[in-house]
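Beneath this line is the structure, given in structure tokens, with notes to follow.
Each reported figure results from applying straightforward, stated rules to the coordinates on display, with no laboratory input. Note that this is a predicted model, so its numbers are computed, not measured. Heads up, the Cβs are rebuilt from the backbone with ideal geometry, glycines too, and the neighbour counts pull from every protein chain shown.
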Amino acid sequence: MRDLDDRRVARTRQALLIAFRELVFANGYENVTVLEIVARANVGRSTFYEHFTGKDEILRASMSPFLGVFAACVLAEAPPEPLVPVLDHLWSNRRLTDAIFTGPPRAILARALAQMIEAGLEEMAGQGRMAIPPRLAGIQLAEAQLALVEAWMRGKAHCAPVKLAAAFHATTRAATLVLLAHADALPQAESRNAA
């Protein structure tokens, strides 16, 4: 019976995510309400809140598979295998994804990505020091990643997804390693104040 309940919960969550994406792409993030999401998913409002705390959380959940691939570039010595397909998907849907790469949704995505990157940096640093706190480094890396993808999706310069993936990974990894390497170069008094 537990397996059946788990599948039902997963189906409901998936229905909410699909309804949310359809509404955002049709109407824009700011114009979507929880009432519209539950109506489209054909579930009750209380059911929505069993899965998500609100619109911001469902946006993060909807985009976390993509953001997780971006964050994986911090730890991966080679570009993560799904990076090119994720970039291909974003490029193919760039007119739709523009709805979440601007305004309030953009800030939500940046925070979510920064948190994922911060977790990776803490794992990578272990007990060692970083040049700046992992939270600040996560914000820096997330903003750099999103700026590169946004500029590319808006056609500011053409680049094949495979080349963009290589550059995206290389710049993320290089910045990460610099932040870790420069921690040892900090004067002791400075590093104590930063902690």
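Checking the a/c ratio against 1.5 first, then a/b against b/c, what shape does the Cα gyration tensor give for the stretch 1-52? Prolate shape, in that a/c is at least 1.5 and a/b is the bigger ratio. Shown for the chain are the DSSP H helices of 20 Å or more along their axis, judged by Cα atoms, with a mean Kyte-Doolittle hydropathy of at least -0.5: 2-27, 55-72, 103-125, 134-153, 161-181. Taking the Cβ of Arg60 as the centre, find all other residues whose Cβ is under 14 Å away and add up their charges (Lys, Arg: +1; Asp, Glu: -1). Combined, the nearby Lys, Arg, Asp and Glu give +3. Ordering Ile37, Pro134, Leu83 by Cα displacement along the dipole of the chain toward the positive end leaves Ile37 in first place; charges were set at the Cβ atoms of Lys, Arg (+1) and Asp, Glu (-1). Here the stretch 61-90 and the stretch 135-169 have alpha carbon centers that stand 11 Å from each other.
Peptides 109-117, 57-65, 90-98: what's the order by average Cβ count within 10 Å, highest mean first? Let's see the in-between values first.
Details: 109-117: 21.3, 57-65: 17.8, 90-98: 14.8.
Descending mean neighbour count gives 109-117, 57-65, 90-98.
Over the stretch 1-62, what relative contact order in percent results from Cα pairs under 8 Å that are six or more residues apart? Write down the numbers at each step before the final one.
On the way: 37 pairs, mean separation 21.3, N = 62.
Once normalised by length, the contact order is 34 percent.
What the Cα convex hull of the chain gives, in volume per residue, is 152 Å³.
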